[in-house]
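Contents: one structure, followed by commentary.
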Amino acid sequence: MNATIVVLGGDGIGPEVTREAVRVLQAVADAFGHEFHFVEHLIGGCAIDAHGTALPDETLAACQQADAVLLGAVGGPKWDDPTAPVRPEQGLLGLRKALGLFANLRPVTLFPALVDASPLKRHIVEGVNLVVVRELTGGIYFGPRQEPTDGTAYDTMLYTGPEVARVVRLAGEIARRRRRRVTSVDKANVLASSRLWRHVVTHIMAEEFPDVQLEHLLVDAAAMHLLRRPADFDVIVTGNMFGDILTDEAAMLAGSLGMLPSASLGESGPGLYEPVHGSAPDIAGQGIANPIGAILSAALLLRYSLNLEQEARCVEEAVRQALAQGLRTADIARPNETPVATEVLGTQVADLVPSSIAKVDQ
Ligand code: IPM
Ligand code: MN
C-alpha cells in the first residue's frame, strides 16, 4: 500500500516522540512492503514562531490531502502569555475542528510487564482494558466564550442532539466489538447540556444498541470509580472536557501518561493520531520522554486510517515485547531499573516489528 502521512511534531517532546513513531511505521513499511511518505509540517508554538499562526494554511492543506496525520504535542511556557492573541493550542483545536474529528478514541490498557509501574495496587489495575470515546469538536471547548474583560469571562458548554448522537453511535459500535458495555459520563444533576446528553444517549442506545448494556455515571463519581473498579469499564463515552480530564486520570492505570495513544476520527477524511500526553517542556530536549504513547498512536493510524489490522497488531506486540524485555523510559522505570533513552526504546520496538508478524498471525 501507498500512503501519505503528515507528521506534525509540534513543541516540547512532540518531535522526539513522533520521530520514534515514524521509525516504527517505517519498520512496518519495510516488513510488509508498503510505501509510506512522511511529510513534516509545523503546528502550535513552532508555527507561531515561523508564521505568526498556530495552524498555517499550508499545514491544514497538507493534512486535508493526507491519508492520516501523526501529531506530537503543542504548547510550552514560551507561548503561555494569557493575553497573547495566538496560542499553540489553537493549532490543535483548529485542526480537529477543520478535519471534522468529532470522536477521540483513547484506549487504556495495562501491559502485563507494567502492572507494578502503576501507582495503584496490583489487584485494582489488573485486567484494565477500556476505551474512552471523547467528543472532540463540541462542548465547552467550542461554545461561545468571552475572554476576560472588565473582570468577567465565560465559556459555554453547548451540545446539540446530533452532535451527541453521532459520538454515541460510534461508542455503541465500538462496544459491539468489545464487551458490549457503555458507560456514559455527564453532570446531568447540574448542567442542562448534560441532561440533553443523557436523554440522547438513552434514546440512541435503546433504539439502536439494545444488545449493549448502558450505565450512566456523573463525572465526579466516574472519577472515583475509575480508581476503585477500573477493570469493570469497557467503553466510556463522554463530552469534550470530561473526556480530557478523565483520560489523564485513567493514564495512571496504564502506569504513565506517556503510555496512552489516541485516534481522532470523523465521518470521512484523514484521522489524527496523537499521544494523550502534552509537550512536557520540563523534559523536552533531553531524549528521555516515553515514545510509547506516540508509537501506539501509530498503531491506531495503521488500524483506523489505513485499514492495516495485522500491521497494527504487530506494532502493539512489538511494544509488549520491548516492555517484557525490561526496556523502560524514566516515567515507567522503578527505582531498581535503569531507564533507557527515548531513541533506545523506539529503536527496539522498530527492530521487534519483523519478528512480531509470526506472533500475531495465529
Ligand atoms: C489533549 C490536550 C488538548 C485538549 C489541549 C492541548 C488543547 O490536553 O489532547 O488532551 O485539551 O484537548
Ligand atoms: Mn488533555
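In this rough spin-label picture, where each label sits 7 Å from Cα along the Cβ direction, the Met224-Glu267 distance is 4.1 nm. Straightening the chain between Arg334 and Lys359 buys 6.2 nm, computed as 0.36 nm per residue apart minus the Cα-Cα spacing. Dividing the mean sequence gap of close Cα pairs (under 8 Å, 6+ apart) by how many residues region 95-155 holds gives a relative contact order of 36 percent. Among Glu135, Glu35, Glu317, the largest mean-square fluctuation in a Gaussian network model of the chain, built with springs joining Cα atoms closer than 10 Å, belongs to Glu35. Pairs of Cα atoms nearer than 8 Å and 6+ residues apart set the relative contact order; for the chain it is 23 percent.
Return the inverse of the average 1/r over all pairs of distinct C-alpha atoms in region 1-83, which is the Kirkwood hydrodynamic radius, in Å to one decimal.
Roughly 13.4 Å, rounded to one decimal.
Each residue, Asp248 and His199, gets one label point 7 Å from its Cα in the Cβ direction; the gap between the two is 3.2 nm. Taking only the Cα atoms of the chain, the ratio Rg/Rh comes out at 0.95, with Rh defined as the Kirkwood radius.
For the residues Val125, Val237, Val86, a GNM of the chain with alpha-carbon springs under 10 Å puts the largest fluctuation on Val86.
In region 119-254, Cα pairs under 8 Å separated by at least six residues give a relative contact order of 39 percent. Distance between the 7 Å Cα→Cβ label points at Thr53 and Glu89: 2.1 nm.
The trypsin sites (Lys or Arg not before Pro) of region 93-135 that DSSP puts in a loop, and whose beta carbon has at most 14 other beta carbons within 10 Å, are Lys121.
Measuring r between the beta carbons of Asp211 and Thr160 and using R0 = 22 Å, the FRET efficiency lands at 0.25.
So if the hydrodynamic radius of region 119-254 is defined as the Kirkwood radius over C-alpha pairs, what does Stokes-Einstein give as its diffusion coefficient at 37 °C and 0.692 mPa s, in µm² per second? Rounded, D is 212 µm²/s. Computed from backbone phi, the HN-Hα couplings of region 200-212 come to 5, 4, 4, 5, 4, 5, 5, 6, 10, 10, x, 7, 10 Hz, rounded to whole numbers (Karplus: 6.51 cos²θ - 1.76 cosθ + 1.60, θ = phi - 60°; Gly and Pro given as x). Taking the chain as a Gaussian network, where each spring joins two C-alpha atoms under 10 Å apart, which residue of Arg229, Arg177, Arg198 fluctuates the most? Its mean-square fluctuation being the largest, the pick is Arg177. Annotation: average projected area of region 211-338 is 10.4 square nanometres, based on the convex hull of Cα atoms across all directions. Summarising the amide proton neighbourhood of Gly271: residues at separation of 5 or more, or on other chains, whose placed amide H is nearer than 5 Å comprise Val69.
Net charge dipole, the chain: roughly 1100 debye, given to the nearest 20, about the Cα centre with Cβ charges of +1 for Lys and Arg and -1 for Asp and Glu. Taking 0.36 nm per residue of sequence separation and removing the Cα-Cα distance, the Arg169/Asp282 pair yields an extension gain of 36.8 nm.
Each value in this text was obtained by applying a stated rule to the coordinates, not by laboratory testing. These numbers were taken from a predicted model, which means no experiment stands behind them. Heads up, the Cβs are rebuilt from the backbone with ideal geometry, glycines too, and the neighbour counts pull from every protein chain shown.
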